[in-house]
Amino acid sequence: MTSSNGLLLIDKPAGVTSHDVVARVRHELHQKKVGHAGTLDPMATGLLILAVGPSTRLLRFAQSEVKRYTGTVQLGVTTDSLDADGEIIDEMEVPALDAQDVQRAATAMLGAQLQTPPMVSALKVGGRRLHELARQGIEVERTPREVTIFEFRVTPSSDRTRWDFDVRCSVGTYVRVLLSDLAGRLGTCGHLTALRRLASGSHDVREAVTLERLHERLESGESVLLAPRAFVEHLEHVQVDEDEERRLRMGQMLELAGNFATSEIAAVNSAGDLVGILRRRGEHWKPELVLPERPTSGRG
């Protein structure tokens, strides 16, 4: 097993689960400790953020990021999963629509709102995955969540029943529910036929590698991991000296010079490596988590 430690951006293909990608990366890196942030459904493609080794403790920072998606909605047909992987359960006429009317309906959906998770999802209720219950024909009450839609653009295609979209939304947003709700506002029903995640926070799919390219780069001895610091670039940073770093690694609190706007900051050493995450405790800063002193990447 290698001592890989860091962030890995994968461009997930269609037809595989996020768990399948994690399993493949574990095999490629010979590393058991691999996790991911932000599940993508099997039909979806695009950016999947993975953490390797001790950096899995930093995954929560990737979980909370704003995400951007593009895709296509098919109007007039709905499925039990609200995407192309589901079974058709209803069909409706599609009224005459022009681009301005559709965009107005999408714009009206901007901002904070409550969204009910779909039954066909990985969300757990009572300790069981909703999709497992759905396969048994069981429907349970789901608590609506507050989500925020920051941008929502919809454009026509050559087929009047298919519309392309581009959306920026908060973590926890089900895009297929959003598009189904849009179809309802337009007087019809609909489901996703394509979905691609383009970005999550500061991370972009253009920086990601496919699973095939990952294998090729590892075979040629190239580095594939970003440093753990890439998980927390959005946090305020403080540089600690050797004595402060030693104290943090011993679990001791520090009194730091400078004003910090937030209660959680990232501590880096003189080499620019992430030492850990600190949380404010009165006038001091307590190490909330500390990473290994000299993370190495092995094949990664």
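The values are calculated or read from the model by the stated rules, or taken from the named source; none is laboratory data. Since this is a predicted model, take the numbers as computed values, not measurements. Positions of Cβ are backbone-derived with ideal geometry, glycine not excepted, and every protein chain shown enters the neighbour counts.
Yes or no: the range 213-220 includes at least one residue that is outside any helix (DSSP H, G or I) and acidic (D, E).
No, the conditions are met nowhere in the range 213-220.
Yes or no: V167 more than 23 Å from R57 (Cα to Cα), in contact with a Lys or Arg (Cβ under 8 Å, 6 or more places away or on another chain) and either in contact (Cβ under 8 Å) with a residue 24 or more places away in the chain or surrounded by 16 or more Cβ atoms within 10 Å (Cβ to Cβ) (or both)?
yes
When H27 is evaluated against the numbered criteria (1) over 20 Å from the mean Cα position of the chain (by Cα); (2) part of a loop (DSSP other than H, G, I, E, B), which criterion, by number, is the only one it fails?
Of everything listed in (1) over 20 Å from the mean Cα position of the chain (by Cα); (2) part of a loop (DSSP other than H, G, I, E, B), H27 misses just condition (2).
So that you can scan it fast, the table gives a plain yes or no per residue for (1) within 22 Å of D159 (Cα to Cα); (2) modelled with pLDDT under 95:
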position	(1), (2)
V25	no, no
H30	no, yes
G38	no, yes
P42	no, yes
K67	no, no
L75	yes, no
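Which of the residues that make up the range 172-189 are part of a helix (DSSP H, G or I) and either crowded, with 20+ Cβ neighbours inside 10 Å or in contact with a strand residue (DSSP E or B) (Cβ under 9 Å, 6 or more places away or on another chain) (or both)?
V175, R176, V177, L178, L179, S180, D181, L182, A183, G184
Looking for whichever is more than 18 Å from L110 (Cβ to Cβ), part of a helix (DSSP H, G or I) and among the basic types (K, R) here; the options are R229, R160. Which one fits?
Exactly one of R229, R160 is more than 18 Å from L110 (Cβ to Cβ), part of a helix (DSSP H, G or I) and among the basic types (K, R), namely R229.
Report whether or not E146 is part of a strand (DSSP E or B), acidic (D, E) and modelled with pLDDT of 95 or more.
no
What's the number of the condition V224 fails, among (1) outside any loop (DSSP other than H, G, I, E, B); (2) in contact with a helix residue (DSSP H, G or I) (Cβ under 6 Å, 6 or more places away or on another chain)?
Failing condition for V224: (1).
Tell me yes or no: at least one residue of the range 96-103 is modelled with pLDDT of 95 or more and either more than 29 Å from D181 (Cβ to Cβ) or crowded, with 19+ Cβ neighbours inside 10 Å (or both).
Among the residues of the range 96-103, at least one is modelled with pLDDT of 95 or more and either more than 29 Å from D181 (Cβ to Cβ) or crowded, with 19+ Cβ neighbours inside 10 Å (or both), which makes the answer yes.
Can you find a residue in the range 105-117 that is more than 26 Å from H234 (Cβ to Cβ), part of a loop (DSSP other than H, G, I, E, B) and over 20 Å from the mean Cα position of the chain (by Cα)?
yes
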